[in-house]
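Worksheet: one structure, shown below.
The values are calculated or read from the model by the stated rules, or taken from the named source; none is laboratory data. Just so we're clear, the structure is a prediction, and the values are computed from it rather than from any experiment. Cβ: placed from backbone, ideal geometry, glycine included. Neighbour counts: every protein chain shown.
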Amino acid sequence: MNKGKAISSSEVRAQYAQHVVASYKRPDIAPVLVKGKGTKVWDAEGKEYLDFGSGIAVNCLGHAHPRLAEVMKSQADELVHVSNLFFHPKQAELAKALVERIGPGKVFFCNSGAEANEAMVKAVRKAGSSQGRYEVITTLNSFHGRTMGMIAASGQERLREGFGPAMPGFVYVPYNDLAAIEKAIGSKTVAVMIEGIQGEGGIIPAKVEYLTGLRKLTRDKGIYLIMDSVQCGHYRTGRFQSYERILDEAKSKESFLPDAISMAKSLGGGFPIGAVWLGEKLADVLTPGTHATTYGGTALACAVALEILKIIEEEKLAGNIGAMGEELKSGLTKLSGRGWVGEVRGFGGMVGVTVKGNSHAEIAEKLAQAGLLVVPAGSDVLRFLAPYNVSRKEIAEALQKVESTL
């Protein structure tokens with residue numbers, strides 16, 4: 001499927017072994033992917049796979065979307081990067097589009113989810129510094145990135161092993177436990193940081209009463225509620241933010257808006273870009289000299305992100321992934337209890353299945369052999385992260401491939 005000189009999988013794997021840092025757990029039989037189109041990818045031997053990994057919830061429009069390819073070319077022909085010492089229209093336009101979808105505030109642009117979370121934590125620490133407040137409460141099983149700050153923020157001890165001492169200022173409590181957060185709040189607490197749906201932790205959605213209770217509690221205590229929406233946001237659940245989908249599902253009438261939201265992954269659809277929306281209380285905290293990045297919000301990255309928003313709206317893809325996700329969940333639930341398939345949970349393009357009787361990595365390999373790519377999470381969960389333009393036929397195909405491994 002690739003153009004030019006044919007390349008063998010064994011040759012690529014050998015080059016990886018010799019020249020690439022082995023910080024990722026790639027199975028020896030993991031496919032060497034050379035081409036993608038829509039929901040499909042092909043390996044060096046020409047085998048076709050249905051990609052429900054989506055680059056770990058990144059490729060929201062699948063692979064090689066023609067409009068994204070065109071906007072990358074046209075913007076690259078015009079302007080790629082000028083640094084944040086100057087203005088350019090694409091960044092202004094994208095910031096406006098994000099603010100309109102969330103609420104009053106301002107946006108800081110960066111390059112990745114970890115950077116977005118770093119900026120968000122820096123903003124609340126800066127805001128609380130005059131009162132001696134700097135501690136951020138996060139949850140057990142959470143994942144916020146791989147920087148030194150964000151491994152300290154994440155509620156998984158294994159991420160910090162060998163990298164100590166960890167940056168101080170984070171307190172961990174169980175997820176979906178409002179009483180635990182209330183008990184943990186002290187005189188140094190500046191914010192509570194949660195994911196609307198724990199992704200790496202195993203597709204665990206926040207409960208409605210947890211979200212609404214957290215919003216009231218943090219307001220009553222005068223601290224910030226900040227949300228890591230890197231994986232679960234940007235229409236992945238069928239709504240722009242996962243908390244909107246969760247509250248919709250329960251037909252909750254209570255208003256909910258956090259003080260800050262981090263974004264990345266689907267924001268760029270495969271092109272690196274991250275962002276932080278800072279609500280009105282935090283919008284002007286990061287003054288000149290307090291935070292910066294060389295590449296954040298380049299003309300090229302912003303042009304791609306803007307085109308993604310247009311495509312999602314014009315092609316009604318939020319509704320599509322919401323509906324297709326329910327179809328996938330329904331099909332997987334019918335298989336629950338058979339073979340390795342356990343509990344099914346999640347929304348839209350973020351569905352998790354607990355694995356029974358086998359390691360989730362082993363089942364992921366079996367599914368890959370059957371032509372379906374998924375992503376392990378937590379200790380026993382497989383993530384099905386379909387692109388937003390997935391079809392009903394492709395959902396049926398994925399279910400058939402799952403059934404073939406039972």
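Descriptive notes on the structure:
- In segment 122-175, residue surrounded by the most Cβ atoms within 10 Å (Cβ to Cβ) [restricted to those that are among the aromatic types (Phe, Trp, Tyr) and under 24 Å from Lys281 (Cβ atoms)]: Phe170
- Residue match in segment 44-57 (condition: under 21 Å from Ala386 (Cα atoms), in a loop (DSSP other than H, G, I, E, B) and of a type in the set (A, V, I, L, M, F, W, C)): yes
- Check on Tyr49, surrounded by 11 or more Cβ atoms within 10 Å (Cβ to Cβ) and among the aromatic types (Phe, Trp, Tyr): yes
- When Glu182 is tested against (1) charged (D, E, K, R); (2) more than 18 Å from Asp259 (Cβ to Cβ); (3) touching a helix residue (DSSP H, G or I) at 6+ places or on another chain (Cβ under 7 Å), only condition (2) is not met.
- Of all residues in segment 249-276, those satisfying the criterion of being among the hydrophobic types (A, V, I, L, M, F, W, C) and farther than 13 Å from Ala305 by Cβ are Ala250, Phe256, Leu257, Ala260, Ile261, Val276.
- Residue in segment 259-315 that is nearest to His81 (Cα to Cα), counting only those that are in contact with a Leu (Cβ under 6 Å, 6 or more places away or on another chain) and in a loop (DSSP other than H, G, I, E, B): Ile273
- You will find that of Ala303, Ala250, Ala260, the residue that is at pLDDT below 95 and touching a helix residue (DSSP H, G or I) at 6+ places or on another chain (Cβ under 6 Å) is Ala250 and no other.
- For segment 71-173, the strands (runs of 3 or more DSSP E) that sit wholly inside it and include 1 or more residues that are more than 25 Å from Ala292 (Cβ to Cβ) and of a type outside the set (S, T, N, Q) are 135-139, 170-173.
- Evaluation of Lys106 against the conditions (1) over 19 Å from the mean Cα position of the chain (by Cα); (2) of a type in the set (D, E, K, R); (3) over 21 Å from Ala191 (Cβ atoms) shows that the sole unmet condition is (3).
- Set Lys207, Lys183, Lys188: member being touching a Gly at 6+ places or on another chain (Cβ under 7 Å), among the charged types (D, E, K, R) and over 19 Å from Leu278 (Cα atoms): Lys188
- The sole residue among Ile321, Ile246 that is under 27 Å from Ser142 (Cα atoms), outside the structural domain of Ala206 (by TED's automatic domain parsing) and of a type in the set (A, V, I, L, M) is Ile321.
- Some residue of segment 335-355 being outside the structural domain of Gly268 (by TED's automatic domain parsing), modelled with pLDDT of 95 or more and in a helix (DSSP H, G or I): yes
- Some residue of segment 248-256 being part of a helix (DSSP H, G or I) and either more than 20 Å from the chain's Cα centre (by Cα) or over 15 Å from Ala57 (Cα atoms) (or both): yes
- Criterion: crowded, with 19+ Cβ neighbours inside 10 Å, farther than 18 Å from Asp51 by Cβ and in contact with a helix residue (DSSP H, G or I) (Cβ under 6 Å, 6 or more places away or on another chain) - qualifying residue of Val341, Val351, Val375, Val390: Val341
- Total residues in segment 321-336, condition crowded, with 19+ Cβ neighbours inside 10 Å and out of contact with any Phe, Trp or Tyr (no Cβ under 7 Å at 6 or more places or on another chain): 4
- Test: Ser187 is farther than 24 Å from Lys251 by Cα and surrounded by 15 or more Cβ atoms within 10 Å (Cβ to Cβ): no
- Verdict on Lys401 being surrounded by 19 or more Cβ atoms within 10 Å (Cβ to Cβ), farther than 21 Å from Gly199 by Cα and among the basic types (Lys, Arg): yes
Yes or no, residue by residue, for (1) in contact with a Lys or Arg (Cβ under 8 Å, 6 or more places away or on another chain); (2) in contact (Cβ under 8 Å) with a residue 60 or more places away in the chain:
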| residue | (1), (2) |
| --- | --- |
| Thr293 | no, yes |
| Val304 | no, yes |
| Gly325 | no, yes |
| Gly346 | yes, yes |
| Ala361 | yes, yes |
| Ala370 | yes, no |
| Leu399 | no, yes |
